[in-house]
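Peer 1: Would you mind keeping the following structure in view while I ask a few things?
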Amino acid sequence: MKLTPLSTSLLIVMLLVCHPTAILAQHGNQDNIPDDTLTYNNRYGIRDDLYSIFERAYRKRSSSECLTIADTLLEQAVMLKDGKSECLAHVIRINYFLSVKDDEKLAAEGNVLRETARRTGFTQYYYFAYSQEIVNFLSTRRLLEAKDMIEIMYNEALSENDYYGQALSLMQNGKLYQQRVNYSKAYEYYLKAAELYEEKVPSQSATSAYNMASLVCLKNMDFENALKHAEKGLSIEDNDPNIVIQLLDNKAVSLFGLRRYNEFAATYHEIMDYQNRMGFSARTSTLSYQPLWEAYNGRYESAVKAAKSKGKSQSVFILTRMIREYMQDYKGALAESDTLHYITMDLYGEAIDEELNEMSTRLGNEKLKSENAELAASNERELALFRRRMIILVLLSSVVIISILTGSLIKSIRDSRKNREQNRLLQSANSLAVKARERAERSERIQSVFIQNISHEIRTPLNAIVGFSQLLSDPAYSEMLTNEEKAEYSGLIKNNTEILTSLVNDILNLADIESGKLKTDISDFQCNGTCRDVMDSVKSYIKKGVTLKFESDFDDSFTIHSDRNRVVQILFNLLTNACKFTDKGDITIRCSLSEEPDRMTISVTDSGPGVPPEKADEIFERFTKLDSFKQGNGLGLPICKLLAGTLGGEVLLDVSYTDGARFLLSLPL
């Protein structure tokens, strides 16, 4: 599907009505309270007297009074051995702590609910507890924490073959990517959740998943898919009028966007009839059909005013653009598109900045833990040294008492030793303090430079991708472009996507290596064959007039014992680097046993401009680029050096070679 971000206001779900069978949900979130088998006027299938207590608690959910009522429900449930009512009492407490943003109590109550759900066998509430903590992280923009908890929740559900937990995890993943302004990924997860609900969890309605899928399609003006998912959701029987109204609104907006105006009008009357039949009226501020209905009836000024009354979000400019297109005011519609583009760019930037800030905070916390551990170790060493000194002092004192005749001499020796020891300890302490300060300052500089560089490296290709995608996807602009221009812009999008993908992969590799999480697969493999495979993979990078050669001191049966994938990764980086800087001449890869004793060496030699000897160490530092006009992010050589280190080898520059650049990969036999 074609993706262009829209406003979050199209995702506002209607407030719950006061019908006893309505789904009781926090912040319009349909999976706040898991769906269970319905009974007449009691959707949870619990005793009516306990259900009435639950209802009273839920009506007070925004007040601390609900906690007292929930305690009463819990006492009665335990006495009557009603496990589901026990879980519902904890649900009330969790929703209250979520509403007041009390992280500590929310986490503690989540643990209690998970234990209760396991004990009573109502496992749907086990995953509900996870989902509410995730909602809290998302609402406070802690996206990395939300991602971590979603992974824990999904892995547990997967290991226990719990399809409800898996589907709920997929829904939360969709909301995570939606908040990251990655609507394509969010759409994927919502559809997966809907399919899982229908195939494996028939007791749970898939309407919420189809509703969210339809909404993200509207955010991208993909009206065809938005209509398809809205109609699919409406085809499933559901007793929640809020979801039904939202799906009908999605259907109405989609039909208007597809210029099927008669069907739009019929859907508008369907919404009115449904509201009258259900005996309630939806808040039009949360829906989008009303401004479009005004435009349909020729009340254009009223239509624009109604749309703009919703604020300055993406959806406002989508609605006003649709209205102006209906008015045939194409110049005004183009202006709305321009504003939408700028808002979208700001949202992308904000999402990236928030994740970088959260990453920076995590790095700071890790640094603080490391410093505290080092301080504790230093204190332990000082204590041990103090104990040893005390033992020496006691022994020396005993010698003084026994050896009165030599007391003066012993005292002199003791004072001398003591002074020397104190001076040595003082010098050692000063040296340690200086080194610790230097390490801390260097770590701070590295962290700051890393975040600045990575922010720049991400924004540059991302802005290009978003900008050219907007030009190609917007009909008003696309019609003015030639086929050659469209092909050129598509190529630019592809190139910048590859740059962004390469950068993300390099960052993930660095993170895995430095955190010690990088896994290696050590085995025997043929050296010559591996080198030829890498040469084949870089042929498309070789410039015209450049020859790629291979030389080896041994035959094809010779094997080495290492991680083949990591060796291939190192050689690929070295060869593509050589291709980048070699405009003519030769690039040679050579396998040798004569460079170093008891080690095998693979060299990559080119006839390019080479590297100055004084830069031999600097090129292995992150984000270092000797030629800023060459493509690349400056992470390839640092990754090569770190990978070689994990294999017990090293990568270095042969500074004695002056006809270009010669890099050496040395590995143990």
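Peer 1: Can you name every residue in segment 309-337 that is at pLDDT 85 or above and open to solvent by 70 Å² or more (accessible area, probe 1.4 Å)?
Peer 2: If the condition is that a residue be at pLDDT 85 or above and open to solvent by 70 Å² or more (accessible area, probe 1.4 Å), then GLN328 is the only one that fits.
Peer 1: May I pose another question? Of the conditions (1) surrounded by fewer than 17 Cβ atoms within 10 Å (Cβ to Cβ); (2) within 23 Å of GLU55 (Cα to Cα), CYS87 clears all except one; give me its number.
Peer 2: (1)
Peer 1: Give TYR127, TYR96, TYR183 a once-over and let me know the one that is crowded, with 20+ Cβ neighbours inside 10 Å, touching a Ser or Thr at 6+ places or on another chain (Cβ under 9 Å), closer than 23 Å to TYR210 by Cβ and modelled with pLDDT of 90 or more.
Peer 2: TYR127
Peer 1: Within the set of pairs 6 or more residues apart or between chains, which connect a residue that is more than 20 Å from GLN178 (Cβ to Cβ) inside segment 195-215 to a residue that is of a type in the set (Gly, Ala, Ser) and open to solvent by less than 30 Å² (accessible area, probe 1.4 Å) with Cβ atoms less than 7 Å apart?
Peer 2: Sorted first by the residue in segment 195-215, then by its partner, the pairs are GLU198/ALA206; VAL201/ALA167.
Peer 1: Counting only residues that are free of Cβ contacts under 8 Å to residues at least 60 places away in the same chain, outside any helix (DSSP H, G or I) and within 14 Å of LEU334 (Cβ to Cβ), which one in segment 469-485 is most open to solvent (accessible area, probe 1.4 Å)?
Peer 2: GLU479
Peer 1: Scan LYS331, LYS305, LYS310 and give me the residue that is more than 18 Å from ASN262 (Cα to Cα), among the charged types (D, E, K, R) and touching a residue at least 40 places away in the same chain (Cβ under 8 Å).
Peer 2: LYS310
Peer 1: Being at pLDDT 90 or above and either buried (at least 22 other Cβ atoms within 10 Å of the Cβ) or among the charged types (D, E, K, R) (or both) is the filter here; which residues of segment 581-599 pass it?
Peer 2: Listed by number, the residues that qualify are THR582, ASP583, LYS584, ASP586, ILE587, ILE589, ARG590, ARG599.
Peer 1: Continuing with this model, one more query. So MET221 ticks every box in (1) under 29 Å from the mean Cα position of the chain (by Cα); (2) closer than 20 Å to THR320 by Cα; (3) open to solvent by less than 30 Å² (accessible area, probe 1.4 Å) but one. Which box is left unticked?
Peer 2: MET221 satisfies all of (1) under 29 Å from the mean Cα position of the chain (by Cα); (2) closer than 20 Å to THR320 by Cα; (3) open to solvent by less than 30 Å² (accessible area, probe 1.4 Å) except (3).
Peer 1: Scan segment 167-177 and give yes if some residue there is under 26 Å from ILE92 (Cβ atoms), of a type in the set (Ser, Thr, Tyr) and not in a helix (DSSP H, G or I), otherwise no.
Peer 2: no
Peer 1: For segment 500-517: of the residues being open to solvent by less than 40 Å² (accessible area, probe 1.4 Å) and within 20 Å of GLU621 (Cβ to Cβ), which is modelled with the highest pLDDT?
Peer 2: ILE513
Peer 1: Between a first residue in segment 518-547 that is crowded, with 16+ Cβ neighbours inside 10 Å and a second residue that is of a type in the set (Lys, Arg) and not in a helix (DSSP H, G or I), which pairs have beta carbons less than 8 Å apart while being 6 or more apart in sequence or on different chains?
Peer 2: VAL546/LYS584
Peer 1: Still on this structure, please answer the following. Which condition does GLU488 not pass, out of (1) loosely packed, with under 12 Cβ neighbours inside 10 Å; (2) more than 27 Å from SER603 (Cα to Cα), if it passes all the others?
Peer 2: (1)
Peer 1: So VAL181 passes all but one of these: (1) in a loop (DSSP other than H, G, I, E, B); (2) in contact with an Asp or Glu (Cβ under 8 Å, 6 or more places away or on another chain). Which condition number does it fail?
Peer 2: Condition not satisfied by VAL181: (2).
Peer 1: Being over 17 Å from ALA117 (Cβ atoms) and either in a helix (DSSP H, G or I) or without any contact (Cβ under 8 Å) to a residue 24 or more places away in the chain (or both) is the filter here; which residues of segment 64-96 pass it?
Peer 2: If the condition is that a residue be over 17 Å from ALA117 (Cβ atoms) and either in a helix (DSSP H, G or I) or without any contact (Cβ under 8 Å) to a residue 24 or more places away in the chain (or both), then GLU65, CYS66, LEU67, THR68, ILE69, ASP71, THR72, GLU75, GLN76, MET79, LEU80, TYR96 are the ones that fit.
Peer 1: Right, something else. Give segment 99-114 a look and list any residue that's among the hydrophobic types (A, V, I, L, M, F, W, C) and open to solvent by 60 Å² or more (accessible area, probe 1.4 Å), or say none.
Peer 2: Result: VAL100, single match.
Peer 1: Of these, ASP654, ASP583, which one is within 26 Å of ASN509 (Cα to Cα) and acidic (Asp, Glu)?
Peer 2: Result: ASP654 is the single residue among ASP654, ASP583 that is within 26 Å of ASN509 (Cα to Cα) and acidic (Asp, Glu).
Peer 1: Can you pull out the residues in segment 156-194 that are small (Gly, Ala, Ser) and more than 17 Å from HIS229 (Cα to Cα)?
Peer 2: ALA157, SER159, GLY165, ALA167, SER169
Peer 1: Scan segment 136-176 for residues that are modelled with pLDDT under 90, open to solvent by 20 Å² or more (accessible area, probe 1.4 Å) and not charged (D, E, K, R) and report the count.
Peer 2: So the count comes out to 3.
Peer 1: Now a separate question. Scan segment 647-669 residue by residue and report those that are closer than 16 Å to ARG566 by Cα and either open to solvent by less than 20 Å² (accessible area, probe 1.4 Å) or modelled with pLDDT of 90 or more (or both).
Peer 2: Within segment 647-669, LEU647, GLY648, GLY649, GLU650, VAL651, LEU664, LEU665, SER666, LEU667, PRO668 meet the criteria.
The values are calculated or read from the model by the stated rules, or taken from the named source; none is laboratory data. In this text, all values refer to a predicted model and were calculated from it rather than measured experimentally. FYI the Cβ positions are ideal-geometry reconstructions off the backbone, even for glycines, and counts take in every protein chain you see. All accessible areas refer to the heavy atoms of the entire protein, side chains included, with ligands and DNA or RNA removed. Shrake-Rupley method; radii C 1.70, N 1.55, O 1.52, S 1.80 Å.
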